[in-house]
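The values are calculated or read from the model by the stated rules, or taken from the named source; none is laboratory data. Worth saying up front: this structure is predicted, and the values here are computed from it rather than measured. Quick reminder, even Gly has a Cβ in these numbers, built from the backbone with ideal geometry, and neighbours come from all protein chains shown. The area values use the complete protein model at the heavy-atom level, side chains included, leaving out ligands, DNA and RNA. Shrake-Rupley method; radii C 1.70, N 1.55, O 1.52, S 1.80 Å.
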There are 2 protein chains.
Amino acid sequence: MPEAFTAAAIQHACTDDPDVNLEASMTGIEQAAAQGARLAVLPELHRTRYFCQTEDTRAFDLAETIPGDTTEQLGDLAAELEMVIVASVFEQAGNGVFHNTAVILDNDGRIAGRYRKMHVPQDPGFEEKFYFTPGQEAFRPVPTRIGKLGVMVCWDQWFPEAARLMALAGADVLVYPSAIGWDVNDDEDEQSRQFDAWQTVQRGHAVANHLPLIACNRTGFERSPDELDPGIAFWGGSFICGAQGEILAEGDDREAVLSAELDFSHTEQLRRIWPFFRDRRVDSYQDLLELHREEQQ
Amino acid sequence: MPEAFTAAAIQHACTDDPDVNLEASMTGIEQAAAQGARLAVLPELHRTRYFCQTEDTRAFDLAETIPGDTTEQLGDLAAELEMVIVASVFEQAGNGVFHNTAVILDNDGRIAGRYRKMHVPQDPGFEEKFYFTPGQEAFRPVPTRIGKLGVMVCWDQWFPEAARLMALAGADVLVYPSAIGWDVNDDEDEQSRQFDAWQTVQRGHAVANHLPLIACNRTGFERSPDELDPGIAFWGGSFICGAQGEILAEGDDREAVLSAELDFSHTEQLRRIWPFFRDRRVDSYQDLLELHREEQQ
């Protein structure tokens, strides 16, 4: 079991200037270090504006390699502050192959591992299937010097299967860099239901798997390049919850560095008295491998 | 898509007298009918006290067959009120084979189907593995004249796999008869976390599957036959939520008939604009059929 440590979510807005954005990320990480954090999580695609609002071939210019400029700069900071950093990169992996990738920088600055977003959304304003090839690796936590991080990315957060596979493979904590927001044409009640649904389904993963969870979302309004489109109001709302889904730290729609202590002994206590993993009916789960179950005859 | 209808959860306490308990159930169902409900859900094992606090061979005397006295009386009421009723029976299925079974009575009084609890708990005060053989059928919704009911039972509610399989097989609503409560030795903070975890994980199933959900829990304190045991304070807290996990009706620890309208067009709207089912990575879910994933070499 890892030792307890403080984790932080760096919730910030993004501009058109990648260097300004990286500066915002790094300033937040330094603040997190000052709060005693040993793990810092950045929002999804924090280096750039959310370019997936439209399908634009010019946006591929924003992609980088791993290792590359972002991982080098953040790796140096990770080593300097002795912190683990979960970053997010628009990764060019090969000719015509791009991924939406979380990179985990260990607290000595080395790249501990990466996770290429497995579930990729495609809906108006979130045109990600145009840009990103879905990841091909299974859901495996990344070992670091402070614990095994079950890192996934945004749309993954709606899928209980993904969280479960991370837990089965030994994740100590679930981590979701995210970029989700409101269509400003939706009314306040609908916006409120969407935010609550987003937080609730993730807290549900924490509960079902006895794991603490960190969700770090970007914030700020970003206009769409398409004049006819209303743009996206990224809702912030980053949070850290414990292994019973209890909220430990939570943001609103302002920029913030949120931190909380992760207590892994809590997970161990829950595993003993609420033994969900003892009772999984793996003999009856076969149809989870289907997209749709046919009617039984 | 089914038509919208009102559903009700009949939250009541149980005594040592099975006939008094059935009377409480039937009175609640009549109240639900007066509220316009076309579906009534009863708590788990509502006919009896929660006999699983200890392992006692005499408790097998409480078992009945299906069909049997409970399904006959409730079937008559279902036909009279033209309501679908989800009941719960300690079922004797064969010699030495007993199940914790939900029975679905259609609104013409016939038995529409049954569900034998698949995930069976065993922990201090909830000694269910002593009494119940786990169900052997896959997770299939029960077709009724008002819709397909994804009925599961209590401990099942902690397992995202079960809810997902019901959704994949076409369930219109998730339904959980339940008997869960507090160890009175736990402090208030722990009790609060447990209740919130229970509600949150189920609301998460609603969100992940775009389905409304009804959880009906028993309430009231029941002493343990074991003098050294503190007994269980069943926490009530039955609730009905919509397809974004939004609470539509919710009880506290008092007896109550809770009702709310289920709007199935909401499910259809969500399926179109939050298309989780389009993007499930069934190519990468194979290890959900394992109890534990080995380290990757």
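Structure above, values below:
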quantity: Dipole magnitude of the stretch A:254-297 about its Cα centre (Cβ charges: Lys, Arg +1; Asp, Glu -1), debye to nearest 20; calculated: 240 debye
quantity: Options B:Leu165, B:Gly245, B:Gln73, ranked by Cα towards positive dipole end of chain B, top entry (Cβ charges); calculated: B:Leu165
quantity: Residue and distance (whole Å) for the chain A Cβ nearest the axis that superposes A on B; calculated: A:Gly204, 1
quantity: Using a 7 Å Cα-to-Cβ projection, B:Glu290 label spacings across copies, nm, ascending; calculated: 2.4
quantity: Of A:Leu22, A:Gly231, A:Gly96, farthest towards positive along the dipole that unit charges on Lys, Arg, Asp, Glu beta carbons give the stretch A:4-276; calculated: A:Gly96
quantity: Per-residue mean of C-beta atoms belonging to partner chains within 10 Å, peptide B:269-282; calculated: 5
quantity: Pairwise centroid distance, computed over Cα atoms, of the stretch A:1-55 with the stretch B:1-74, Å; calculated: 52 Å
quantity: Label distances, nm, A:Glu72 versus same residue in remaining copies, Cβ-directed 7 Å point; calculated: 8.3
quantity: J(HN,Hα) series, the stretch B:92-103, from Karplus relation 6.51 cos²θ - 1.76 cosθ + 1.60, nearest Hz, glycine and proline x; calculated: 8, 9, x, 5, x, 10, 10, 10, 9, 10, 8, 10
quantity: Assigned charges on the beta-carbon of Lys, Arg, Asp, Glu; the protein assembly as shown dipole about Cα centre (debye); calculated: 1380 debye
quantity: Those GluC sites (Glu not before Pro) in the stretch A:23-58 that DSSP places in a loop and that have at most 15 other beta carbons within 10 Å; calculated: A:Glu55
quantity: Accessible area buried between chains A and B, both sides summed, probe 1.4 Å, in Å² to nearest 100; calculated: 6000 Å²
quantity: Buried on assembly, the stretch A:135-170 (at least 50 Å² less accessible surface than by itself, 1.4 Å probe); calculated: A:Arg140, A:Trp155, A:Trp158, A:Phe159, A:Pro160, A:Glu161, A:Arg164, A:Leu165, A:Leu168
quantity: Dipole magnitude of chain A, debye to nearest 20 (Cβ charges: Lys/Arg +1, Asp/Glu -1, about Cα centre); calculated: 1400 debye
quantity: Distant-in-sequence amide H partners of B:Ala112 (H built 1.01 Å from N, under 5 Å); calculated: B:Ile104, B:Leu105, B:Asp106
quantity: Exposure rank, largest accessible area first [B:Met26, B:Met1; 1.4 Å]; calculated: B:Met1, B:Met26
quantity: Residue-count net charge about B:Arg164 - beta-carbon cut-off 14 Å; Lys, Arg +1, Asp, Glu -1; calculated: +1
quantity: Over the protein assembly as shown: helical MRE at 222 nm, DSSP H runs n ≥ 4 each giving -39500 (n - 2.57), nearest 500; calculated: -8000 deg cm²/dmol
quantity: Label geometry 7 Å along the beta-carbon vector: B:Pro230 inter-copy distances in nm; calculated: 5.0
quantity: The stretch A:4-276, relative contact order [Cα under 8 Å, separation at least 6], %; calculated: 21 percent
quantity: GNM result for chain A, Cα springs below 10 Å: residue of A:Asp108, A:Asp226, A:Asp172 fluctuating most strongly; calculated: A:Asp226
quantity: Rounded percent of accessible protein surface that carbon and sulfur make up, chain B, 1.4 Å probe; calculated: 45 percent
quantity: Pairwise Cα inverse-distance average, inverted: Kirkwood Rh of the stretch A:4-276 (Å); calculated: 18.3 Å
quantity: Solvent-accessible heavy-atom area per residue, rounded to whole Å², over chain B at 1.4 Å; calculated: 38 Å²
quantity: Relative contact order (percent, whole number), the stretch A:56-133, Cα cutoff 8 Å, 6+ residue spacing; calculated: 26 percent
quantity: Net charge, B:Glu137 excluded, C-beta distance under 10 Å - Lys, Arg +1, Asp, Glu -1; calculated: +3
quantity: Lysines with Cα under 24 Å of A:Lys117, excluding same-chain neighbours fewer than 8 positions away; calculated: A:Lys129, A:Lys148
quantity: Relative contact order of the stretch A:141-297, defined on C-alpha pairs under 8 angstrom at six or more residues apart (%); calculated: 18 percent
